[in-house]
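The values are calculated or read from the model by the stated rules, or taken from the named source; none is laboratory data. Remember, it's a predicted structure, so these values are computed and weren't measured experimentally. We place every Cβ from the backbone using ideal geometry, glycine too, and count neighbours over all the protein chains shown.
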Amino acid sequence: MKEILVTEPAFVAAFQCAGSACPDHCCKGWRIDIDKPTYNKYVKSKHIAIKEIAAENLLLDKTSHAKWARVKLNPTTGNCPFLDAERLCEVQKNLGAQALSHTCSTYPRQQRQFRNESQNMLTLSCPEAARNLLMQPDAMDIQQRVVLKAEFNKQPQQDQFQQLIGLFCSHLLLAGEGAIEDNLYAMVTLLMMAEKVADQGEAAVPLLEQTFVQLVDALNSGEMRQQRLQIKPDTDLQWSLLLRLQNYLKTRPAMRSQGVHNLFLNGLVHATFNLHQDDDAAGKMAALGKNWDAYIQPWLAERPWMLRNYLRYRLWQADFPQNNGRSMLQNIYLILAEFFYLKSLMAAQAVMKQGIHPDDVVNIIYSFQALTQHTPEAALRFHEEIDKVKVADDLSCLHLLV
Ligand code: SF4
């Protein structure tokens, strides 16, 4: 037997579906694929109601065994036809959890595999997963256990250099007690060094360790903040990014969570266009920044884990620095641009409410993730939008931190 290390953040290990209490359950508003064995099980079921619902609402695609059919959602409510009046699943209720399709039995769980390691995740498009990540201070404590399997996983071993960079970045997000932007600035500094020495193999490791220790010291002493505040804001870049992302997200095809996201997006449009219609880009961005400083910063100071958990999880979810053909700075640019957009939604929300509620942050993050990260295609399209705004080089991401 082979030993496989299972690694997962604490909130992933402890996850339980909220069931009928879920504010935006996943059985609606997007494509639900049904694999071939499940399709046959339902259309031939001895349970008459299941058989009838399947016959009427499973549309054959036969794209692959995994995507044999898809569920036709109710055109009025967008709900899965197997949901009963209490929003409970007829299949699970009558045939048991083992009868669920692969999609239904695994969501929101995801797994990434390396030869001797399996890493468990949750998609944050599930509001309960997002809530647990943001509300539980220890949500990102990493847990590990060993399981025995007949064979190693088929995927290659994890790249040690990439793994080290990912660990350094995650730890940099925890250092110091200042604004999270200081930590992000430290991360970008580390990545610049990592890109410079990446081809030096083992010799690069002591250099990176030394840089990491210096950055932690600079975060603890407040020096990192002083350095970050020397960056000249590029409000044109910030404004073009916001406009492009707003336009892109407004024109996404209707899907689950879009209504929730639009509430916050409309708030951003109101805060930037209606309340500051005569201002130029610099004026609009300054107004948003003022709201962030006045309402959100003090609120976050009482919940210092909240955005740190989110960003540490984004790194974990992306397997940062990713080894995907893009440079480390290109990959961090995407995460910083997303973060800038989320911050803008939060700041705009604070204008209307003169403050922010934890539910707002959960709703902003889960609805955004549902629209942009739910499938690899959606993530790719979203990242293409960000690429269109970049000016000069990848270091222009620093302008999103001031
Ligand atoms: S979105 Fe999450 S909490 Fe809601 S029903 Fe689906 S798995 Fe459960």
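Summary of computed values
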{"read-out": "Residue under evaluation residue 334, criteria (1) crowded, with 19+ Cβ neighbours inside 10 Å; (2) within 17 Å of residue 264 (Cα to Cα); (3) aliphatic (A, V, I, L, M), criterion not met", "value": "(2)"}
{"read-out": "Strands (runs of 3 or more DSSP E) contained entirely in the range 86-157, each with at least 2 residues that are within 14 Å of the ligand (Cβ to nearest atom) and closer than 21 Å to residue 305 by Cβ", "value": "117-122"}
{"read-out": "Among residues of the range 36-73, those that are within 22 Å of residue 88 (Cβ to Cβ), part of a loop (DSSP other than H, G, I, E, B), away from the ligand (no atom under 16 Å from the Cβ) and touching a residue at least 24 places away in the same chain (Cβ under 8 Å), counted", "value": "2"}
{"read-out": "Answer residue from the range 21-35, given it is under 13 Å from residue 100 (Cα atoms) and in a loop (DSSP other than H, G, I, E, B) and is nearest to the ligand (Cβ to nearest atom) among those", "value": "27"}
{"read-out": "Index of the failed condition, residue 16 passing every other in (1) within 16 Å of the ligand (Cβ to nearest atom); (2) at pLDDT below 90; (3) in a loop (DSSP other than H, G, I, E, B)", "value": "(2)"}
{"read-out": "Residue in the range 363-372 that is assigned to a helix (DSSP H, G or I) and more than 19 Å from residue 108 (Cα to Cα) present", "value": "no"}
{"read-out": "Residues being on the phi > 0 side of the Ramachandran plot and exposed (fewer than 13 other Cβ atoms within 10 Å of the Cβ) - total across the range 223-257", "value": "0"}
{"read-out": "Breaking point among (1) within 16 Å of the ligand (Cβ to nearest atom); (2) buried (at least 19 other Cβ atoms within 10 Å of the Cβ); (3) not in a helix (DSSP H, G or I), for residue 11", "value": "(3)"}
{"read-out": "Matching residues, the range 158-214, being hydroxyl-bearing (Ser, Thr, Tyr), farther than 27 Å from residue 116 by Cβ and either within 25 Å of the chain's Cα centre (by Cα) or not in a helix (DSSP H, G or I) (or both)", "value": "185, 189"}
